[in-house]
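Structure first, then comments.
Rule-based calculations on the coordinates, nothing more; no lab input. What you are looking at is a predicted structure, and each value in this text was computed from that prediction instead of being measured. Glycine also receives a Cβ, built like all others from the backbone with ideal geometry; neighbour counts cover every protein chain displayed.
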Amino acid sequence: MTTPPGSGEAASRPPGAAVGTAEQRLLQRRVVQVLAAGQVLGGLGTGATLSLGALLITDVAGSPAWSGMAATMSTLGAAALAVPLARLARARGRRTSLSTGALLAVAGALAVVAAAVAGSLPALLAGVLLLGAGQALNLQARFAATDLATEDTRGRDLSLVVWSTTLGAVAGPNLFGPGEAVGRALDLPALTGGFVIAAAAQALSAAVYLLGLRPGPLRVAGAPPAPATALAGDAPAREGALSTLRTSPAARRAVLTVAGSHAVMVALMSMTPVHLSEHGASLSVVGLTISLHVAGMYALSPVFGTLSDRLGARAVVLGGQGLFLAALVLSLLGADGTGVVTAGLVLLGLGWSASTVAGSTLVTGAVPPAQRPALQGASDALMSLAGAVGGAVAGPVLARVGFEGLAAALLVLVAAVTLLQREDRTPATAPR
């Protein structure tokens, strides 16, 4: 028996068919490898959006006041597309959902290029919004790594996919030189060649998902296909995650942990370049600081994933909040020192890595396989929205009370996330 055509995850076994332990381990290894390859390619688009996007918007708008809209629109796009892509995963499988997200990102990158040619700021913002699909699928890919993982390897497998994002995310901001060469060859406006490269990378990642995720991990894990009406946004599909959040304290605390941690990271990180520039730091120093921060976010994620499996995800979340605390104290007491601020931002990245990897593991473990896609989509949407709000609020706070005041305000959010872990007496991932 084979999976019916159109299911999105054709395989030699029916959806949900059990596999032996050895076979499942081999399949899970291949799934993680495919997801990692897709993430490397997809990360190019995300990196290009955050760096070239801000410059391109400034160029088209004729004012740097619009530069922050690159990150804002991309983040809002990720939030808006997280739930639809999760529904698609539930109805058609991870293979279809991830490849669709990549193709949407391709469309967004090409729309950015077309908008730059036309000199249209609204069309450019719309293209960047659609590029947010790349961020949404990057987030979903880490959850796809847990579909066939055992409780003993869930954190490790998730963190390996998170770690693979590093390569693309670091390379993306450096597409300026190659992108300009591509742009000149195609007679395109300045700063658009990088988006052509990003579109090609996302197209390749779509092909990787389509060809590599056979059979689909979500189906093999035993999650039955959702009714076709789920794709049309019927009431049960909309209310599934909300119902879970209302009735499951473990799910609610896991989702709030991920969202709160992301808000802390985005709020402080997004204001650090502004703060350093105002204190006379050169652009090279600012760039180095952000690069070290990104390294902290991703480089040690496999370590935190392995610790989540061995010590329990809740313990690693608490460790992540401790790293946040250290980062904020350094930022509060040493705001005038560039070296101190840089050290604080590295700790901020490490705290985000620990909290996000372990928190995502808790999200997955909070519900059975059939409910996971909906809850994961809701978690990704709330995470993106929390980041957008954190970045938006941080600016006025910085202007009113300075970098030190922003750090002090974020201590309250860290305390709230920490208290969530203390209240969780029945964590989804028990310490081992």
Packing rank of 275-282, 259-266, where each peptide gets the mean count of other beta carbons within 10 Å, highest leading: 259-266, 275-282
Region 321-337 versus region 108-157: alpha-carbon centroid distance in Å: 31 Å
Backbone HN-Hα couplings from phi across region 56-61 [Karplus 6.51/-1.76/1.60, Hz, Gly and Pro as x]: 5, 5, 4, 5, 6, 6
Whole-number Å³ per residue for the convex hull built on Cα positions in region 343-417: 89 Å³
Distance (nanometres) between label positions extended 7 Å along Cα→Cβ at Val329 and Ala37: 4.6 nm
For region 17-222, with +1 on Lys and Arg beta carbons and -1 on Asp and Glu, the positive-most of Leu104, Gly177, Ala114 along the dipole: Leu104
Mean Cβ count within 10 Å, highest first, over the residues of peptides 348-355, 331-338: 348-355, 331-338
Estimated inter-spin distance, Ser284 and Val393, nm [label 7 Å along Cα→Cβ]: 3.8 nm
Order by protection proxy (mean Cβ within 10 Å, highest first), peptides 83-90, 188-195, 27-34, 140-147: 140-147, 83-90, 188-195, 27-34
At q = 0.14, 0.15 Å⁻¹, base-10 log of I(q)/I(0) for region 91-168 (Debye sum, equal scatterers on each alpha carbon): -0.56, -0.61
Relative frequency of Cα-Cα separations exceeding 30 Å in region 17-222, percent: 23 percent
